[in-house]
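*Asks:* My structure is below; once you've seen it, I'll send some questions.
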């Protein structure tokens, strides 16, 4: 009997958006401890782009190894179609969302850009009932990143770029600056900081000001008009959702005893300056967690945290979605849709 097939987006070689091919692929089957999910929507994340181009931004020794073809993507929302016999916490017909096999399992044939995906039960949670599949799919990686940086690490795996073990810091009554506040991680970081009782300064381009103030930002800096490091001092925590080699400029904005959390720490070179200023710099590597998604689902259901959708594309038009992602200035998240809602 021929294996069942599904539609998926796969890559057969690294490169630009043109290597994303919408085609038939084998339909996965749930193994021990897994669910089979009929995907309704998929969230696009920067690691999808990094995988597509072969992780060229990483040192060669850190680049994952694997075989083509590859189905990219991690974030899904959908309906449970089947469960392995040993899975008791989920049942057929339930709506779930997940960040699937991240950072492990970068290469494989059971990833998110597909009509079906097998999901480890430990990485799944019931979809928040108060939001649709598009908004649920847009949440997992970005929300878990903000959560693990700011609320609860949830694992003991170090970030290979940073020598310090990451530990979230108290937020209530503190002042938090979020750079790149309008993007996927940034717009969740703004809301989590406000939820925890912090005063929030959001940094983004001017067109995002109304959006970020609506999410709870107390103050706004248009980086195109003003360099935040020139006007802000005595901050308790900086969440730099842009990161990279420019992160060290925020050291001067922090009080002694403050903390700088670069979401993308590769290229940070301010260790000595941070030590002289009495500032902690640390980062973590986001990891899949169904338990944390379940905790976050309650906040999403209650409207305490909202998911912003920048744009949506059918799965067959994944190339256009990647083009949009690479054009920059994203407000919230980009999603791919499998079934109309």
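The values are calculated or read from the model by the stated rules, or taken from the named source; none is laboratory data. Only a predicted model underlies this, so the values are computations on that prediction, with no experimental measurement involved. Counting neighbours? That spans all protein chains shown, and the Cβs are built from the backbone with ideal geometry, glycine included.
*Asks:* Can we say residue 239 is buried (at least 22 other Cβ atoms within 10 Å of the Cβ), touching a strand residue (DSSP E or B) at 6+ places or on another chain (Cβ under 7 Å) and without any contact (Cβ under 8 Å) to a residue 40 or more places away in the chain?
*Replies:* no
*Asks:* Next up: Where the second residue is assigned to a strand (DSSP E or B) and surrounded by 11 or more Cβ atoms within 10 Å (Cβ to Cβ) and the first is on the phi > 0 side of the Ramachandran plot and lies in the stretch 260-278, which pairs have Cβ atoms under 9 Å and are six or more apart or on separate chains?
*Replies:* Qualifying pairs under 9 Å: 278/254; 278/255; 278/257; 278/258.
*Asks:* OK, next. Any chance the stretch 47-58 includes a residue that's in a strand (DSSP E or B) and outside the structural domain of residue 186 (by TED's automatic domain parsing)?
*Replies:* No: the stretch 47-58 contains no residue that is in a strand (DSSP E or B) and outside the structural domain of residue 186 (by TED's automatic domain parsing).
*Asks:* Hey, could you check the stretch 32-46 for residues that are touching a strand residue (DSSP E or B) at 6+ places or on another chain (Cβ under 8 Å) and not in a strand (DSSP E or B) and say which is surrounded by the most Cβ atoms within 10 Å (Cβ to Cβ)?
*Replies:* 45
*Asks:* Looking only at residues in the stretch 315-325 that are farther than 10 Å from residue 9 by Cβ and either at pLDDT below 95 or out of contact with any helix residue (DSSP H, G or I) (no Cβ under 7 Å at 6 or more places or on another chain) (or both), which one is surrounded by the fewest Cβ atoms within 10 Å (Cβ to Cβ)?
*Replies:* Here the answer is 320.
*Asks:* Residues being within 25 Å of the chain's Cα centre (by Cα) and over 17 Å from residue 149 (Cβ atoms): count how many of those fall in the stretch 244-269.
*Replies:* Count: 7.
*Asks:* Name the residue that is nearest to the chain's Cα centre (by Cα), counting only residues in the stretch 317-341 that are under 17 Å from residue 242 (Cβ atoms) and in a loop (DSSP other than H, G, I, E, B).
*Replies:* Out of the qualifying residues, it is 332.
*Asks:* Would you call residue 29 in contact (Cβ under 8 Å) with a residue 60 or more places away in the chain, farther than 17 Å from residue 338 by Cα, in a loop (DSSP other than H, G, I, E, B) and more than 19 Å from the chain's Cα centre (by Cα)?
*Replies:* Here the answer is yes, as residue 29 does meet what is asked.
*Asks:* On the basis of being surrounded by 21 or more Cβ atoms within 10 Å (Cβ to Cβ), in contact (Cβ under 8 Å) with a residue 24 or more places away in the chain and closer than 22 Å to residue 22 by Cβ, does residue 338 make the cut?
*Replies:* yes
*Asks:* So for the stretch 81-99 (the condition being under 23 Å from residue 161 (Cβ atoms) and touching a residue at least 40 places away in the same chain (Cβ under 8 Å)), does at least one residue qualify?
*Replies:* Yes, the conditions are met somewhere in the stretch 81-99.
*Asks:* Let me ask something additional. Being out of contact with any helix residue (DSSP H, G or I) (no Cβ under 8 Å at 6 or more places or on another chain) and part of a helix (DSSP H, G or I) is the filter here, so list the residues in the stretch 250-290 that pass it.
*Replies:* Hits for the stretch 250-290 are 271, 272, 275, 276.
So that you can scan it fast, the table gives a plain yes or no per residue for (1) modelled with pLDDT under 95; (2) touching a strand residue (DSSP E or B) at 6+ places or on another chain (Cβ under 6 Å); (3) surrounded by fewer than 19 Cβ atoms within 10 Å (Cβ to Cβ):
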site	(1), (2), (3)
53	yes, no, yes
74	no, yes, no
92	no, yes, yes
116	no, yes, no
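*Asks:* From the list 146, 189, which residue is under 22 Å from residue 252 (Cβ atoms) and outside any strand (DSSP E or B)?
*Replies:* None of the others qualify; the one that does is 189.
*Asks:* Condition test on residue 137, is it modelled with pLDDT of 95 or more and in the same structural domain as residue 311 (by TED's automatic domain parsing)?
*Replies:* Taking the combined requirement at face value, the residue satisfies it.
*Asks:* Being assigned to a helix (DSSP H, G or I) and in contact with a helix residue (DSSP H, G or I) (Cβ under 6 Å, 6 or more places away or on another chain) is the filter; apply it to the stretch 227-249 and report the residue that is nearest to residue 205 (Cα to Cα).
*Replies:* Per the stated criteria, the residue is 229.
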